[in-house]
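The values are calculated or read from the model by the stated rules, or taken from the named source; none is laboratory data. Values in this document were obtained by computation on a predicted structure and should not be read as measured data. Because the Cβ atoms are built from the backbone with ideal geometry, glycine has one as well, and the counts that use them run over all protein chains shown. Calculation scope for accessible area: heavy atoms of the full protein, side chains included, ligands and nucleic acids excluded. Shrake-Rupley method; radii C 1.70, N 1.55, O 1.52, S 1.80 Å.
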Amino acid sequence: MSYSTFSQVWRWSVMKSPLLNAWKRLRHMGYPNHKSDALLDAVDLPKPIDGLIRETVKRSKLWCNERLEIAQELIAHAQDAIEAERSTQDIVNTFGNPKRIAKLMRRSMKRKRPLYWRAYRNMRRATGAMVLLLILGYGSLAVRFYMGKPSIKRNYIAELNARNDQYTEDQKAWSVYQDVDLEWQRFTLRAWESIDNKEFSSPQRREQAKRSCRNSWLSDVQDLDQDDPKYLVQVELFRSFEPELERVREAASREIMGISNWMNYDTVEIEPGIWKLKGIDPDEYSWGQKTLVSVLLPDLSLSRGHVNRLLFDAQLAVEDQDSERAVLDILAALGIGRQVKRGREFLIGSMVAIAVTEQSASVLQELIAEHPSAFTRDQLIELSHAFVSARDNLRISFKGYVDMFEDILQKAYTDDGNGNGRLTNSGVKMLADFNNQFILSAFLKEPQTIEDYLVSASSPAALLAMNDRATERRDFLRRIQILERGLADGPESIGRVQYELDLLDTPDGPILESPAELFAIDNVRNIEDQFIGEMRVDSTLTMLAIEVFKVEHGMYPESLTQLVPQYLPTVPADYFHPGHPIQYKLSSNGYLLYSVGSDGNPDGGLEYTGNDYRKSSSLLRRFKIDTVSTDGGQQVQHSSEGVPFIDNDGAPDCDWILIDTRSKSDFHNW
């Protein structure tokens, strides 16, 4: 290879080197005129003409090679003019405005660019227009969002407290219940001290157990065998609590509970080991804790404690052959069940009232089964009247539930005067608080970091993601209407109610739930609890009628129809067997009251032997509507008469035993 050939190859490899070319591009990236300037330097035009060409090239704002092409064209025109012996000044005067020439040449050069570049330019322009529209749209949305203010027209909490103010202090039971609870704490601590507790490994462990004993002592007594010396000691101590129980019995006959509705409360240690609830003024709390749904109900748990003590004392009273005291205890327990519900109409209060009434009925059933002759005829009739009245404790109401929802709406949405409105900034904060979602935690405090500001800036998007006020209210009330229709139509409708509510259910929102979704709990269980409670009370009334019949006739009735109409207005219906009464089975050692149970078929009083007793007494299982999956969703299966098929194939093959006096169960486990 000759030297010249080698030199050419070397020069070609250097010129085509990727690294070298990359370096050149980087070096000239910020100087797109370097090629045109180099050409102008080489041509050596008169300075005024050179300056005009350089300015025009610079103003063109084109790519580097395109600027070089413009420079070449302008230089050629200038050289032609010079060769025509035109003066420099004449050339400058006829050149024109560099800015206008650059604009025209830029437009001409861009027309010659490739198709992909023109497509990219159009896409970039469209994107810019969309971004601008989004900014303008979101800006107007943000103004609308932050300008919206909720219109609070009703103070539901004040209305609740006003109901309490209508009664005098001697008509309210709360202060008595709270005082007796303090005495119970003192009493349990003394009971604890009276028992030798050597099993604790350290004084600290013993002190911890001592402080918690006020919540567990009564259940500990019930779990002990009656021959256990510890049981006998504690029962004697419990009997010494009788004066305080008398105060509870008196308070249970009062009109209302009478507790002020608190947003929060402190548990204050008023003396060593003795704690008292102290309500906190709602005014001390922010907007998020002033909603009706945030009202705390400490009286419910405290009242349940008094009910447990009364019913345990009823057992001791029967053992002491003091039936009058047992009757008073049961009547007082039913009175507490009435008080926890009256005046507030909270759904949870209704559930506690149902539980207390069922518990009282269960204890009475066990007492009569264990001690058939414990109560006199007059006492049995008195208890019958009490349980007839207690049926009101079982009726649930969704009014308080609706009030909670309406309170949320008025504090989260604006009000246009026609029942509609949009979500507000404070409403987003409140819903985020209820949802307890960490992604929205920045709403609950003033922004401190960049992330907080970004999250806060995104909050107006809730206007797009959430329904308006009227839609939320309509969706919620549709659910309530289905539930109330189920209550009115009776137990047979519970499967249809569940099916219709399932159709209404929608997936949770991606960020936070709407008010209607927040309140979309399984209320069908509440309806079932009412119907089951009614059957338990009806069976208790039937038992009392049977016992009165036995006292008067010296024998049990052969059938329940013998009790009508003198002892019962009608034989109670079996909700699991529409059109039929509950079943009665008499034997030599007692009798049996039972329902056909979840399978809907009479099995002669066959008892359920599984662990989950609710399987034998589930109305939801009994009247579950049979559905099939289709392209349009779940569809109900109907018979030729148009009646929905019932799918209760999974129900156990047994009956629901309401009362069994033949076998004496251990009623210390209620």
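Pairs are defined by a Cβ separation below 7 Å, a sequence spacing of at least 6 or placement on different chains, a first member in the range 573-588 that is among the hydroxyl-bearing types (Ser, Thr, Tyr), and a second member that is open to solvent by less than 60 Å² (accessible area, probe 1.4 Å); the pairs so defined are 575/491; 575/531; 575/535; 575/619; 584/559; 584/560; 584/591; 584/593.
Test of understanding: among 394, 383, 409, which residue is within 20 Å of residue 149 (Cβ to Cβ) and either among the acidic types (Asp, Glu) or open to solvent by less than 50 Å² (accessible area, probe 1.4 Å) (or both)?
Working: 394 fails: within 20 Å of residue 149 (Cβ to Cβ); 383 fails: within 20 Å of residue 149 (Cβ to Cβ).
Sole residue among the options that is within 20 Å of residue 149 (Cβ to Cβ) and either among the acidic types (Asp, Glu) or open to solvent by less than 50 Å² (accessible area, probe 1.4 Å) (or both): 409.
Scanning the range 138-145 for residues that are open to solvent by less than 50 Å² (accessible area, probe 1.4 Å) and over 19 Å from residue 424 (Cβ atoms) turns up nothing. Scan the range 229-239 for residues that are more than 44 Å from the chain's Cα centre (by Cα) and at pLDDT 80 or above and jot them down. If the condition is that a residue be more than 44 Å from the chain's Cα centre (by Cα) and at pLDDT 80 or above, then 232, 236 are the ones that fit. Only one of the listed residues (94, 88, 56) is under 19 Å from residue 106 (Cα atoms) and modelled with pLDDT of 85 or more. That residue is 56. When residue 375 is tested against (1) open to solvent by less than 30 Å² (accessible area, probe 1.4 Å); (2) over 30 Å from residue 222 (Cα atoms), only condition (2) is not met.
Pull up the range 257-269, narrow it to residues that are buried (at least 19 other Cβ atoms within 10 Å of the Cβ) and aliphatic (A, V, I, L, M), then point me to the one that is modelled with the lowest pLDDT. Steps first, answer last, please.
Narrowing the range 257-269 to residues buried (at least 19 other Cβ atoms within 10 Å of the Cβ): 257-259, 261-263.
If we keep only those that are aliphatic (A, V, I, L, M) too, we end up with 257, 259, 263.
Numbers: 257: 93, 259: 88, 263: 66.
For the range 257-269, the residue satisfying everything is 263.
Scanning the range 461-474 for residues that are part of a helix (DSSP H, G or I) and open to solvent by less than 50 Å² (accessible area, probe 1.4 Å) yields 461, 462, 463, 469, 470, 471, 472. Residues that are of a type in the set (Val, Ile, Thr) and either at pLDDT below 95 or in a loop (DSSP other than H, G, I, E, B) (or both) within the range 319-342 comprise just one, 340. Right, residue 120: within 30 Å of residue 417 (Cα to Cα), hydroxyl-bearing (Ser, Thr, Tyr) and part of a helix (DSSP H, G or I) or not? Taking the combined requirement at face value, the residue does not satisfy it. Taking the conditions (1) touching a residue at least 12 places away in the same chain (Cβ under 8 Å); (2) in contact with a Pro (Cβ under 9 Å, 6 or more places away or on another chain) in turn, residue 143 satisfies each one other than (1). Applying the set (1) modelled with pLDDT of 85 or more; (2) surrounded by fewer than 13 Cβ atoms within 10 Å (Cβ to Cβ); (3) in a helix (DSSP H, G or I) to residue 190 leaves exactly one unmet item: (1). Residues in the range 98-137 that are under 30 Å from residue 50 (Cβ atoms), loosely packed, with under 10 Cβ neighbours inside 10 Å and not charged (D, E, K, R): none.
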